[in-house]
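One structure is given here, and the rest of the page talks about it.
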Amino acid sequence: MEDLKQIMPKKLGFGCMRLPVANGNSEEIDDAVFCRMIDRYMEQGFVYFDTAYPYHNQKSEEAVRRCLVERYDRERFLLADKMPVWLVQNMEDYSEIFERQLARCGVTYFDFYLFHAMNKTRVEETEKTGGFAFVQRMKTEGRIRHIGFSFHDTAEALEEILKNHPEMEFVQLQINYYDWESENVQSRKCYEVAQKYGVPVIVMEPVKGGTLANMTGRPAEILKELSPEASFASYAIRYAASLENVMLVLSGMSDEQQLIDNTAYMREFRPLDERERAAIARVVEELAAMPTIACTKCRYCVEGCPKKIPIPDVFEDYNMTVQFGINETNRGSYRRHTADGGSADVCIRCGKCEGQCPQHLPIRDLLVKVAETFAE
Ligand code: SF4
Ligand code: SF4
């Protein structure tokens with residue numbers, strides 16, 4: 001199998017899921033800004049673009065065609081796209097969706113093609129509907145250069161896929177220093193499984209959806225002591241890129257400033273040194289010591305709630321405010337989690353949830369705090 005790490009000239013990929021938009025409308029991608037960002041990125045020797053069917057309400061692929069594909073020779077960039085496996089009912093759907101994606105992007109092949117957001121259940125469904133055979137056939141026909149998958153599940157489930165599908169050439173994982181030891185995300189464990197199988201890793205969410213770019217308090221001071229100029233995001237991206245088996249780190253760049261920042265330290269990539277590693281370890285310790293709600297996200301409390309409050313999700317949003325201060329990232333996450341009406345302030349204090357909680361959390365009182373925190 002070709003050594004994929006060799007075909008990546010630089011370790012920073014351009015994620016096309018949070019592109020610059022006009023009028024705050026996620027479907028209205030600002031082509032002028034996107035074109036300028038692409039030019040600046042390419043000028044510096046970066047080549048990898050990552051899009052997907054659902055990004056920007058299905059408008060990202062077409063923006064990639066207009067701003068990248070129609071303006072640069074096809075050989076000058078690497079393009080990754082993903083099969084939305086949740087939309088597939090039968091074998092024919094693979095072909096139909098794939099052709100649509102090629103047309104939307106205006107290309108005849110994808111350099112990298114992934115099954116999108118795989119987990120244990122989706123792998124089983126993809127096996128049943130013939131998805132693995134489909135991508136291999138596309139590879140034989142030269143319409144896909146390299147096949148892999150993005151993944152959100154346990155390390156155990158990842159091992160199962162890599163054992164059963166040696167044809168998978170790479171895996172895209174959520175890796176960042178905050179989630180490295182997390183039992184939910186299992187960044188470290190998943191990374192180690194990929195390493196064991198000799199499958200190179202593409203990193204997604206290195207800055208945890210922007211969270212690690214917004215440090216406050218002691219964690220911010222620790223990083224500023226290292227260098228007053230370096231951005232907080234730079235440590236998160238370089239942390240992921242410093243891992244030996246990582247071939248690329250994706251950054252969903254939304255404006256020119258982010259692009260200038262990301263490319264500045266990834267142009268001539270320098271792995272974290274001992275001093276920087278020690279500082280990040282201290283940041284992680286400081287964050288862990290903060291008074292967050294000790295919810296394990298088991299979700300036992302959710303089902304019986306008459307107000308349909310997504311309790312563990314709003315607790316997580318609250319925890320983010322404790323660790324990183326209240327900011328647009330955690331406000332946005334809270335808005336998304338409660339979009340169906342289950343915000344913390346609609347709790348009627350019936351207490352049903354507390355009887356289910358193995359951690360014996362005082363959920364009702366905690367929800368009052370959550371509601372106060374996110375009150376506009
Ligand atoms: S106390 Fe509040 S959160 Fe708990 S079940 Fe009742 S309404 Fe839902
Ligand atoms: S039952 Fe308790 S620990 Fe489990 S998700 Fe609900 S609040 Fe969190």
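No value in this document is a laboratory result; all are computed from the given coordinates. This is a predicted model, so every value here is computed, not measured. Neighbour counts run over all protein chains shown; Cβ positions are idealised from the backbone, glycine included.
Picking from residues in the range 347-376 that are more than 10 Å from ligand 2 (Cβ to nearest atom) and in contact with a Gly (Cβ under 8 Å, 6 or more places away or on another chain), the one that is nearest to residue 329 (Cα to Cα) is 364. Within the range 324-373, the set of residues being surrounded by 15 or more Cβ atoms within 10 Å (Cβ to Cβ), touching a residue at least 60 places away in the same chain (Cβ under 8 Å) and farther than 17 Å from residue 301 by Cα comprises 324, 327, 329, 330, 333.
Within the range 299-329, the residues that satisfy the criterion of being within 22 Å of the chain's Cα centre (by Cα) and within 16 Å of ligand 1 (Cβ to nearest atom) are 310, 312, 313, 314, 315, 316, 317, 318. Looking only at the range 283-299, filter to residues that are under 17 Å from residue 211 (Cα atoms) and of a type outside the set (A, V, I, L, M, F, W, C); which one of those is surrounded by the fewest Cβ atoms within 10 Å (Cβ to Cβ)? Residue satisfying both the conditions and the ranking: 285.
Is the range 311-329 home to any residue that is farther than 21 Å from residue 178 by Cβ and either near ligand 2 (Cβ under 8 Å from one of its atoms) or among the small types (Gly, Ala, Ser) (or both)? Give the steps one after another, and end with the answer.
So the first thing to find is which residues in the range 311-329 are farther than 21 Å from residue 178 by Cβ, and the list is 311.
Then keep just the ones that are either near ligand 2 (Cβ under 8 Å from one of its atoms) or among the small types (Gly, Ala, Ser) (or both); that gives 311.
Looking through the range 311-329, at least one residue is farther than 21 Å from residue 178 by Cβ and either near ligand 2 (Cβ under 8 Å from one of its atoms) or among the small types (Gly, Ala, Ser) (or both).
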